[in-house]
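So the structure is just underneath, and the comments pick up after that.
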Amino acid sequence: SVCSQANSLCSSLGIPFPNTTNLPSTGALGCLGSTPNPTWFVMPISQSGTINLMIQQSNDINFSLNNLDVDYVVLGPYTHPTTPCNGQINSNYVVSCSYVSSNVEYPVINNAQPGQYYLIMVTNYSNQPGYIKITEISGSTTGGINCSGLRLNAFLDMNNNGITNSLTGGLAISSGTG
């Protein structure tokens, strides 16, 4: 996946996501010597504190066998979920990183604050199809990950120029059989 289309972890912790295959490395980032087949996630913070996570990668959607290497980098804090993808993805924002041959990793985000966003990139070094699961470690996490109160705005942009269009006279929808 690409950073600007990061998978939201809003209410999705513990849910398997398909990993990425057949994408070349974009180079080194933080402790990562390479970044093959990246899958991106965005995590909004709702309560201050420490966030302790577990990242697993497996060919099995039930994760009865964690058999795929997990390398990751956590970047942040940011004030917007995807704006950082345009030039702020660099080693200055690395808060947690691991590049070892392990199929389970344990990122830690210290002093997370409400309103901040963190981006997580998980790589698939083996290029094998499978699943990634990110869970919060209960009992040791004092911060909160949540999207309640997150406001998403949608608007009509008929000519795809990023400016809201208004409708006058009405809207006609046709089936295109013509």
Kirkwood Rh for the stretch 1-90 from C-alpha pairs, in Å, is 14.6
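Grab the Cα-Cα distance for residue 61 and residue 83, subtract it from 0.36 nm times how many residues apart they are, and report the gain in nm with one decimal. The partial results should precede the final answer.
Numbers: separation 22, 0.36 × 22 = 7.92 nm, distance 3.11 nm.
Here the answer is 4.8 nm.
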If R0 = 22 Å, then residue 12 and residue 142, at their Cβ-Cβ distance, give a FRET efficiency to the nearest 0.05 of 0.60
Residue by residue through the stretch 116-127, the couplings from Karplus 6.51 cos²θ - 1.76 cosθ + 1.60 with θ = phi - 60°, in Hz, x for Gly and Pro, are 8, 10, 10, 9, 10, 10, 10, 9, 10, 4, 7, 6
Karplus-derived 3J(HN,Hα) from phi for the stretch 46-51 (6.51 cos²θ - 1.76 cosθ + 1.60, θ = phi - 60°), whole Hz, x at Gly and Pro, runs 10, 9, 5, x, 9, 10
Semi-axes in Å, largest first, for the stretch 52-134 (Cα gyration tensor, √(5λ)) are 25, 13, 11
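All of the numbers you see were taken from the coordinates with simple rules; none came from a lab. Every value quoted in this text rests on a predicted model; they were computed, and no experiment measured them. Cβ sites come from the backbone with ideal geometry, for glycine too, and all protein chains shown count toward neighbours.
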